1. Filter the stretch 18-41 down to residues that are within 10 Å of the chain's Cα centre (by Cα) and closer than 14 Å to residue 56 by Cβ and give me whichever is surrounded by the fewest Cβ atoms within 10 Å (Cβ to Cβ).
2. Only one residue in 7, 24 is without any contact (Cβ under 8 Å) to a residue 60 or more places away in the chain, assigned to a helix (DSSP H, G or I) and touching a helix residue (DSSP H, G or I) at 6+ places or on another chain (Cβ under 9 Å), so which one is that?
3. Kindly establish whether residue 15 is surrounded by fewer than 13 Cβ atoms within 10 Å (Cβ to Cβ) and out of contact with any helix residue (DSSP H, G or I) (no Cβ under 7 Å at 6 or more places or on another chain).
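Readers should treat all values here as calculations from the given coordinates under stated rules, not as data from a laboratory. Values in this document were obtained by computation on a predicted structure and should not be read as measured data. Neighbour counts run over all protein chains shown; Cβ positions are idealised from the backbone, glycine included.
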């Protein structure tokens, strides 16, 4: 694998991780501070349904 491809993949992964962290922060505020049901909050912020279980698990770890 060339250096340019490796660097591009690392950047792509970094963006995905940043997006996930931001979604979790927004989700946490909606659920814990606003009292919104988790599924409603996940839908509202546009989390794909196949990722909901992962976000629910992370919320449980925060509580």
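1. Checking each candidate, the answer is 20.
2. When all the criteria are applied, what remains is 24.
3. Spelling it out, residue 15 is indeed surrounded by fewer than 13 Cβ atoms within 10 Å (Cβ to Cβ) and out of contact with any helix residue (DSSP H, G or I) (no Cβ under 7 Å at 6 or more places or on another chain).
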